[in-house]
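As structure tokens, the structure follows; a few thoughts come after it.
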Amino acid sequence: MHPTNPFVEFRKEDTEQSISDRFERQARTYPQKLAFKTKSQRLTYDELNRIANRAAHCVLARCDKRGEPIALLFKQGAPLIAATLGALKAGRAYVPVDRTLPRSRAIQILQDTQCRLILTDNDNFSLAQELGGRSSKVLNLDDLDASLSSDNPGLFISPDQIAYINYTSGSTGQPKGVVWNHRNELFGIMLKTNTLHISPEDRVSLLRSNNVGAARILFLRC
């Protein structure tokens, strides 16, 4: 991050919203800017927003109770990012489940958070079914109905609403879930953005697997 880049200050008042609201504003401001790139795929902010919206509408259609958290089981890539944003846009807290975890640990996280829906893709669909058993539905984002709306869901999401649940390593005992709301996360992003002078021209490498550390790297681009 270079201090001479065209830095735009992240104001403290901008933390008084949801992460999805913040992302949607960035998508409107920089629709054709590159949001995500891998060896095989490139997505602009507008394209990523539309994919996330379709995921959100599918979640809203599949789930009866808005308050229940949603588990995300993905490897690195566009589906992970779209699912994260889609869950937040649907007004749900998400629970990242690292696919490299021991089966017993992953099942314990799902049971502890009472996730009744697991978002995943073709690569992890069988594993999601195994982990969820009979108590959780599995939604494959690679099989989304093409007729689903790509418009923003337009839900009001309070900054005090839970955004995600992060589990500790358990190295000193039983792993515990740590709850973060939208305001908490945006405040942390504000501090990093302003301290490092992150600009629209900067790029952030996503090197972590599916965990909250990876999510925080993603949100730095909000």
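The values are calculated or read from the model by the stated rules, or taken from the named source; none is laboratory data. Because the structure is predicted, anything quoted here is derived from the model rather than measured. Neighbour counts run over all protein chains shown; Cβ positions are idealised from the backbone, glycine included. Accessible surface is based on the protein model in full, side chains and every heavy atom, while ligands, DNA and RNA are left aside. Shrake-Rupley method; radii C 1.70, N 1.55, O 1.52, S 1.80 Å.
Summary of computed values
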item: Any hit, region 37-46, residues being outside any helix (DSSP H, G or I), buried (at least 21 other Cβ atoms within 10 Å of the Cβ) and either touching a Cys at 6+ places or on another chain (Cβ under 9 Å) or not acidic (Asp, Glu) (or both); result: no
item: From the options Leu155, Leu141, Leu101, residue that is touching a Pro at 6+ places or on another chain (Cβ under 7 Å) and either open to solvent by 10 Å² or more (accessible area, probe 1.4 Å) or more than 24 Å from Glu47 (Cα to Cα) (or both); result: Leu141
item: Criterion (surrounded by fewer than 20 Cβ atoms within 10 Å (Cβ to Cβ), out of contact with any Ser or Thr (no Cβ under 8 Å at 6 or more places or on another chain) and either aromatic (Phe, Trp, Tyr) or modelled with pLDDT of 90 or more (or both)) met by exactly one of Glu13, Glu68; result: Glu13
item: Answer residue from region 9-60, given it is within 27 Å of Val138 (Cβ to Cβ) and hydroxyl-bearing (Ser, Thr, Tyr) and is farthest from the chain's Cα centre (by Cα) among those; result: Ser40
item: Condition check for Ser126: outside any helix (DSSP H, G or I) and hydroxyl-bearing (Ser, Thr, Tyr); result: no
item: Some residue of region 81-89 being surrounded by 20 or more Cβ atoms within 10 Å (Cβ to Cβ), in contact with a helix residue (DSSP H, G or I) (Cβ under 8 Å, 6 or more places away or on another chain), over 16 Å from Thr120 (Cβ atoms) and not polar (S, T, N, Q); result: yes
item: Selected residue (criterion: least open to solvent (accessible area, probe 1.4 Å)) from residues of region 168-182 that are in contact with a Pro (Cβ under 8 Å, 6 or more places away or on another chain) and free of Cβ contacts under 8 Å to residues at least 60 places away in the same chain; result: Asn181
